[in-house]
Every structure is written in C-alpha cells, then in structure tokens.
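One structure below.
All of the numbers you see were taken from the coordinates with simple rules; none came from a lab. Since the structure is predicted, the reported quantities are computational estimates derived from the model, not experimental observations. FYI the Cβ positions are ideal-geometry reconstructions off the backbone, even for glycines, and counts take in every protein chain you see.
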Amino acid sequence: MLQEIEVKLPQKNYPIYIENGLFTQIGTLVRKHWAKVQQVALISDSNVTPLYAEKVRIQLANAGFQVYLYTVTAGEAAKSLGVASLLYDELLGDGFTRGAGVIALGGGVVGDLAGFVASTFMRGLAFIQIPTSLLAQVDSSVGGKTAVDLPAGKNLVGTFYQPDAVLIDPATLTTLSQRYLVEGYAEVVKMAAIASTNFWQLIEQVQSVPAIIEHAEALIKASVTFKAKIVMADEKESGLRQILNFGHTFGHAIEAGANGALAHGEAVSIGMVSLTQCFEHAGLTPAGLTAKLRHQLTAVGLPLTSDLIGQADFYNRIAKDKKNHNGRVNMIYLKAIGQPAIYPLALTDLPDFVSQHLLEEK
C-alpha cells in the first residue's frame, strides 16, 4: 500500500511516497507533480544506471516526458563543482530551459549533486528525488539540503532546495552491497537514538544484516516521519534541526581523514560511539548508553573506533566544518534515548575535552 508523508513548509509542501514496488508507478507519480514539465534530466551514477535507469526512463517516456540520462562516476568525488559544471554544460547543450525538471536517481551523492544542479541552473529547476540507497531513503533525500564538497571538507558549498516529491521503493535495497546497506542503517540508529524510545524499540528488532531488509519499510517510514517533523520545525537548521548532526561532527572529520577508506555511515557510527562515550564519561549521558549504541551497531558489523580521533588533522577538519560557528561547535549528545541536547564547546577546548573523556580511557 502506498504510504504518503507530507512535508509542510512555509514556502512549499511536498509528499514522500513509500512502497515496495513503487518503481512501477514512477511515471504516474512524476506526471502528477509535473503537469507542465516536458524535458527531464535523469541524473544517476555508474552503479545505479545499469540497474534502474532504463526502467525509470521508460516509465517517464510513457508519461510523456522527453528524458535525457546523465551518468556520473559513482563515489564521493562526483560531489564537486567540476562535475556540477560539466552537468551545466550538458544541460545547456541539450537545450534545457527553466521549465525543465531534474530527477536524482541514486544514493546520497547523486541526490546532493543533482539537487545542487537543480537549485542553481537557471536559478532553479523542478526537482524530484528517487533515492535507491538506505542512507538516501532515510536521511539525505528528505529535507532539501543539497551540496558539493571542496578539498577542505564535505558539503561546504550548497543550498536549501526542497524537492517537489520524494519517491522511495524499499525494493531497491536488495541490489545494494551488504556494506552500503549497513552504512545506511547507521543513520537509522542515529534517528532512533534522538527520536524516541518507541523508535529505539523498533531498531532493537534488528540484530543481523538480513533483519535490515526484513524491517526496511518500517525503518524507512519511522526515519522519514521523524526527519520530516524536524525539518518542518526548522527548515534552515537554525535551531532544532542541529540534533540531526548527532555523530556527524566527529564523523565528518573521521570520514575525510580516512581518504575513502570509510563510508559516510561507517564514520557516523564511529562518531556516535566516541561522542557518546565522551559525554557518558563527563557525566552528561547516563551510564550504559554507549554500550547500548555499541550493541546495536556491532550487531550488523559497523565500526566503532578510529585511530584518527585525537590527531591534529582531526581537529583541523572540525574547525573547517560548516558547523563551526565563530570558533564554537555545537556537540549533540544524549540525555537519554529520545532526548538529544546541544553542548556548545569552544574549538580551543575540544582537544582537552576529547583527551580527558575519551582518549585517557583507552
């Protein structure tokens, strides 16, 4: 049964559709939202294009769209100003105008890149997300954040640009490698930890990798419902939405320092555990909560530690992160499951905080 979650914002409302087998309805759903659009840029990557691009193209063509497929090389390197510029040139060469639309077909990298292109080309084209990875389905496709990376760090150039719709088919998860299914699950754990005890009880049913697929639709719905609520309360991340960064301040620095050896969700897993351990040792997070996180993440094989934490480059990357506000960083920690809180910390105090509450314990 097609489930619909509505995101209602001051300037725009849009639906998130979730259903196993939704791919058979793509043409109908896209036409429902794009009555006047004729040209469509279908942006995907070298992993997803062979799996799904032709199915989607046929659906769109049958709905009366003129479809142009653009495939970028899979991987974080595609999220760059250089790749965005190449896509602008392709769109211009194919005669795209402001009345056209962009569809992101892929994981978080494709969604961020395609959304950035849609938001900036000719000051904004219509945009729809069709996320195919668990990471994108539960997190990055919802909320309107688009971005490309700079050599100094992730997501440093971007926009807030809400899509016209998000179309999620959990069946696409069956073609993900185990590693990338599991990395997406790290974001589900993050959502559950900051959302509620009810959501946490749902993820406690996941004690193996196959269980992620078994419970995928429920996990996606719970994650999307929670994130939509946060986005509706704070679209531009001026307050409450910061809680979604739980694990990410450390995670982004670890991911960048790993030079491709860690996927985003793997780095976030390490970030959540190390950060929670710090705050548990400091007495701000209840005893035993780090162990709860570790158990849930270990059950599916996610990493928990990294030797990069505490190195000089680790702190330098945090200082260059977009979450640095005038020399301070807001650390998101847990007072309890479902009770996130913000702890402002001066960047100059961060090394001592980590050394005292994390590194000395090792």
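Pairwise Cα distances in the range 234-362 exceed 24 Å in 22 percent of cases.
In the range 196-243, what trypsin sites (Lys or Arg not before Pro) fall in a loop by DSSP, with at most 14 other Cβ atoms inside 10 Å?
Those satisfying the criteria are 236.
Which of 311, 162, 38 moves the most in a Gaussian network model of the chain with Cα springs under 10 Å? Checking each option, the largest mean-square fluctuation is seen for 311. Just check the range 3-175 against the gyration tensor rule for me: Cα atoms, a ≥ b ≥ c as the square roots of the eigenvalues, rounded for a/c under 1.5, and otherwise prolate or oblate depending on whether a/b exceeds b/c. Here the range 3-175 falls in the rounded category. Estimated translational diffusion coefficient (Stokes-Einstein, Kirkwood radius over Cα pairs, 20 °C, 1.002 mPa s) of the chain: 104 µm² per second. When each of 94, 352 is scored by the number of other beta-carbon atoms lying within 10 Å, the sequence from fewest to most is 352, 94. Each of 232, 272, 122, 1 was scored by other Cβ atoms within 10 Å of its Cβ. Listed from fewest to most, they are 1, 122, 232, 272.
In the chain, the longest principal axis of the Cα atoms and the axis of helix 178-195 are about 70 degrees apart. Taking 0.36 nm per residue of sequence separation and removing the Cα-Cα distance, the residue 31/residue 348 pair yields an extension gain of 108.9 nm. When 280, 187, 235, 90 are arranged by Cβ crowding within 10 Å, least crowded first, meaning fewest neighbours, the order is 90, 235, 280, 187. Other residues within the sphere of radius under 14 Å centred on the Cβ of residue 59, judged by their own Cβ, net out at +2 (K and R +1, D and E -1). For the listed residue pairs 145/221; 190/236; 236/292, the alpha carbons are over 29 angstrom apart in 236/292.
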